[in-house]
Every structure is written in C-alpha cells, then in structure tokens.
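Comments concern the structure below.
Derivation of every value follows stated rules applied to the coordinates shown; laboratory data play no part. Treat the numbers as computed from the prediction; the structure is a model and nothing was measured. Cβ: placed from backbone, ideal geometry, glycine included. Neighbour counts: every protein chain shown.
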Amino acid sequence: MASQDVSEKDRVVIFDTTLRDGEQSPGATMTHEEKLKVAELLDEMGVDIIEAGFPIASDGDFLAVHEIAKRTKRAVVCGLARAGQQDVDRAGEAIRPAQRGRIHTFISTSPVHMKWKLQLEPEQVYEMVISSVTRARNYTDDVEWSCEDGTRTEHDFLCRCVEAAIKAGATTINIPDTVGYTVPDEYFALFDMVRRRVPNSDKVRFSVHCHDDLGMSVANSLAGVRAGARQIECTINGIGERAGNTALEEVVMAMKVRNDVHPFWTGVEATHLTRASKLVAAVTSFPVQHNKAIVGRNAFAHESGIHQDGMLKHTQTYEIMTPESVGLKKTTLVMGKHSGRHAFVHKLVELGYQLAENQLEDAFVRFKALADCKKHVYDEDIEALVDEEIATAHHRIKVLSLTVIAGTMGPQSATLTLDMDGHHQTTQATGNGPVDATFNAIKKIVPHEARLELYQVHAVTEGTDAQAEVSVRLSENEKTVTAKGADPDTLVASAKAYLGALNKLIVKRARAKPDVMTAP
C-alpha cells in the first residue's frame with residue numbers, strides 16, 4: 001500500500017492544450033474534423049485532460065468542444081473561460097456531454113496586465129477570481145483556476161488570489177509563465193513559496209503552464225514539478241503562441257529517460273508520440289524542425305562517421321532512448337559526407353551488396369565524392385553508384401574528366417579525358433548540343449561504327465541535386481548492348497553510360513576475334 005501511495009504521489013497529470021493554446025499559433029487553425037482526429041489520438045495515447053478549446057471564442061470552437069466532450073472515452077474534457085459570467089456559462093454548456101468535464105477559468109494578476117490589459121484595480125480582479133470559480137462550480141466539481149502572467153505577479157497578491165480560488169472551490173491551481181519570462185530556479189521558488197504560504201494548498205493540485213520565449217519551457221515545467229506541481233500543461237510539438245508551449249513529448253520522455261533525477265511518471269503511452277507529432281504537423285501545416293527533440297526527423301539519425309561507428313558497435317554510445325520507445329521503427333544512419341567506411345559497409349550489407357575489397361574501396365571513394373556534391377544521399381543513390389561500380393569494375397575505358405560548354409550560341413563543345421588501359425587521352429569535339437558534343441569526343445578517342453539506339457535520362461531521387469541515371473543502347477554488327485551511368489552531372493552520367501556500352505562491345509569483339517584485344 002505504501003508503494004502505491006508513493007507511486008500515485010509522484011504521478012504527473014498531462015494536460016494537453018494543443019487544441020486551444022496550440023491552435024492560437026498564427027496560421028495553425030484546424031478544421032472541425034481535424035480537431036476531432038487530434039482529440040481522439042490524445043485520448044487513445046493516455047493524455048489525462050484535453051483542453052478542447054475556448055467555447056466563447058466562436059461557434060466553431062463551442063461545437064468542437066461539445067463534440068469532443070461527447071466522443072472522448074478516457075480523458076477529462078476541458079473548456080477555457082475568462083472570468084466573465086458569459087464565458088463560464090458557455091464553457092459549462094460545451095462540456096456538458098462529457099463523462100468527465102472541467103472548466104478552466106483565468107484572469108490576469110500581474111501589475112502590467114491589470115493596468116494595461118484589464119484596466120482593473122487589484123481588488124476588482126480579486127472579486128472576479130471568487131465569482132468566476134464559484135460560477136464554474138455550478139457546472140462541474142472539477143474547476144481549474146489560472147492567474148495569467150503569474151510569474152510577474154506580486155507574491156502577496158498572488159497568494160491572496162490562490163487562497164480565494166481554493167476557498168471558492170477550485171481543485172487545480174495553475175501558475176503560468178504566460179510570457180516565457182521565468183527561469184527554473186525562480187519558478188521552483190515561486191511554487192515552493194505559494195504552497196508554503198497559502199492555507200489548504202495541500203488540498204489542490206498545482207499546475208505548470210510555460211511558454212518558450214527564452215527556450216526554457218521544458219526546464220521550467222520540470223522545475224515546477226520538483227517544487228510540488230503535479231500537472232503539466234503542454235502541446236504536441238510545442239506549438240502555441242509566439243515561441244510556443246512546453247512540448248508534451250519532451251516532458252514525458254524527460255521523466256522516463258531521467259527518472260533518476262525526475263522520479264515522476266505519467267499515463268501517456270510514449271510509443272504514440274511520433275504518430276501524434278506527425279498528425280498535428282499535418283493538420284496545422286506546421287512542419288517539425290528537423291533537430292526537434294524526440295520527434296524531429298534527425299532525433300534518431302546519425303551522419304557523422306564517428307557517431308555511426310559507435311552506433312554500429314552499441315546503440316547506447318549515442319542514443320539515450322530507443323526510437324521504438326517513441327513510436328519510430330528504427331535508427332537512421334544518414335549517409336553523407338561525414339559518414340565513415342564502417343557505416344558505408346553496413347549500408348551496403350543492408351541493401352544486399354557484397355563487394356570485393358578493391359570494388360568496395362572504389363565505391364567508397366565515389367560515394368564520398370557524391371556526398372560532397374549533394375546534401376542528401378539516399379539509398380537509391382548508393383544503389384545506382386554501386387551498380388555502376390560493379391558494372392564498370394573491369395572496364396578498360398573510363399572517364400577521367402569532362403568539360404562541356406553549352407548555351408544558346410552553338411555549336412556546343414566538349415573536352416574529354418579518358419583512361420584507356422592506364423593511358424590518358426584528351427580530345428575536344430563539337431556537336432549539336434552538349435550530349436552530342438560529348439559523344440563525338442568519345443568517338444574521336446575510340447573510333448567505332450556503333451549506332452545509338454536509346455538515350456534515356458531519369459533522376460534517381462528527388463530534388464535539383466539528384467543523381468542522374470542515364471541508359472544508353474548501342475548496336476554494332478547485329479550486336480546490341482545496354483549500359484547505365486550515374487552521376488549528379490547528367491553529362492558525366494551520359495559519358496559513363498556511353499562508355500559502359502562501348503566497353504561491352506569491346507568484350508563482344510574480343511570474344512568474336514581473340515586477337516582484337518584493344519580498342520580501335
């Protein structure tokens with residue numbers, strides 16, 4: 001029993017305000033159906049309270065809260081209300097169908113807000129705290145009261161308002177850092193002070209609600225929990241006004257991964273975090289930054305050769321949690337210019353290739369050269385590169401360099417250097433376009449009567465820096481050969497493909513006439 005008491009005492013309630021504070025991000029408005037989808041997933045993943053909207057803000061908001069209240073099976077459904085009677089009544093109507101409903105009422109208590117925003121005297125604000133909480137209790141026994149701009153409120157007045165809210169029947173007291181102004185030590189001290197000074201503070205749950213204007217919302221929220229708060233108000237992906245709110249995925253995983261220093265737990269099923277992140281990003285059209293903690297595209301991606309080598313030896317060298325724990329399938333070793341030989345070999349095995357040592361070395365050199373040319377090296381890029389490496393491993397003629405001058409003023413010209421059995425030959429040729437000029441240059445160094453039957457180009461991957469893969473088919477004396485070449489430069493890929501086909505023709509000639517072993 002004692003262990004259960006300790007466990008329950010350390011439980012942190014997750015209050016998700018993605019549909020209310022999150023939707024207040026400029027441009028993040030969701031449709032009615034999108035809100036229902038998000039609410040359904042939040043309920044499924046174990047969020048304790050869903051702040052579904054601000055019912056008096058619009059008919060649409062009222063209907064969304066009302067419908068979510070009907071559909072939600074596990075979570076408490078909450079509606080936000082200012083301290084006025086109409087706000088509270090509208091919120092009460094909106095949450096009426098909920099199995100468990102909450103009204104969250106608030107009013108500003110800082111000197112700057114009372115003077116300039118509300119234009120009310122402190123005594124008037126104090127009376128509105130009491131009247132709003134009292135009215136909310138007519139609709140539900142689960143009432144949360146917030147002192148907007150609580151971290152810039154004078155301590156004596158803050159304690160007086162919190163005491164009044166508790167007396168009026170509030171069961172949750174939220175002290176928000178509305179403008180993201182506080183720091184962890186200060187926020188800890190604020191909760192500690194209020195909980196010590198206010199009578200009956202042990203009878204209510206305290207809540208943290210932090211904004212990220214100084215980049216400390218998660219740290220501040222955890223500091224509040226260490227000071228005795230047991231509810232965190234947060235959003236998926238940290239969306240919200242200005243710089244956003246505390247990110248739900250970050251506080252949940254911080255308590256899971258560092259339970260030694262944050263010995264608390266939540267009811268959120270962490271394996272749903274990635275799915276929730278993607279859904280919210282999609283419905284709000286707010287992309288998640290690539291280096292975002294927990295759910296960013298790069299959160300479990302490694303490109304540095306040193307990191308990749310460590311990861312291949314033991315995942316804990318560079319990962320403090322598993323990708324599966326947040327709903328991802330696996331770690332990604334991103335192949336790029338920082339990748340090392342070990343990671344490259346691992347990727348080849350993953351793609352099903354087994355190369356001889358010399359082929360591997362050549363392929364790795366070409367991979368590094370490719371990675372210097374483009375930002376993202378995809379699996380398809382590596383496949384094209386290795387396929388070409390395998391195909392050209394025994395080629396006697398190879399491209400060393402190619403320079404092409406093209407444009408509207410023809411003729412176009414190509415300067416080409418080939419390696420022919422270890423000997424280098426250079427020539428220059430013109431043509432009707434850059435491809436024709438390139439092929440004419442090849443023909444000057446390697447004279448032949450082969451006819452070009454097919455010339456085809458396609459991009460291996462997406463983007464303007466994608467590798468080009470060129471297919472060439474040549475025919476000579478009723479012998480037809482096809483070859484491919486890949487390179488970020490389409491003309492270089494064209495030259496490789498053409499030479500690949502010529503190399504095959506040379507082999508065919510040699511098979512037909514054993515004495516013809518060199519290119520003509």
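A few points about this structure:
- Neighbourhood charge, 15 Å Cβ-Cβ cut-off, centred on Lys443 and excluding it, Lys, Arg +1 and Asp, Glu -1: -1
- Cubic angstrom per residue, convex hull over Cα atoms of the stretch 90-238: 115 Å³
- The stretch 2-284: C-alpha pair distances exceeding 29 Å, %: 26 percent
- 3J(HN,Hα) along the stretch 251-264: 5, 4, 6, 4, 6, 6, 6, 10, 5, 5, 9, 10, x, 10 Hz, from the Karplus curve 6.51 cos²θ - 1.76 cosθ + 1.60 with θ = phi - 60°, whole Hz, x for Gly and Pro.
- Counting Cα-Cα pairs of the stretch 176-216 in 10 Å increments starting at 0 gives whole-percent bin shares of 28, 49, 21, 2.
- For the stretch 395-512, the calculated P(r), taken from all Cα-Cα distances in 10 Å bins from zero up to the bin holding the longest distance, is 15, 45, 34, 6, 0 percent.
- Listed values (1) 86, 49, 47; (2) 74, 56, 53; (3) 105, 52, 39, entry calculated as Cα extents along the principal axes in Å: (3)
- For the chain, the longest principal axis of the Cα atoms and the long axis of helix 217-226 meet at an angle of about 50 degrees.
- Placing +1 on each Lys and Arg Cβ and -1 on each Asp and Glu Cβ, with no other charges, gives the stretch 126-280 a dipole about its Cα centre of roughly 420 debye.
- On Cα atoms only, tilt of 155-168 relative to the major axis of the chain in degrees: 70 degrees
- Karplus-based coupling profile of the stretch 11-25, in residue order and whole Hz: 6, 9, 7, 9, 9, 9, 10, 4, 7, 10, 5, x, 6, 6, 4, with θ = phi - 60° in 6.51 cos²θ - 1.76 cosθ + 1.60 and x standing for Gly or Pro.
- The stretch 64-143: mean projected area of Cα convex hull, nm²: 5.3 nm²
- Restraint check, Lys37/Lys347; Lys167/Lys292; Lys256/Lys278; Lys368/Lys504; Lys70/Lys115; Lys278/Lys347, Cα-Cα greater than 31 Å: Lys37/Lys347; Lys167/Lys292; Lys70/Lys115
- The chain: relative contact order as a whole-number percent, Cα under 8 Å and 6+ apart: 9 percent
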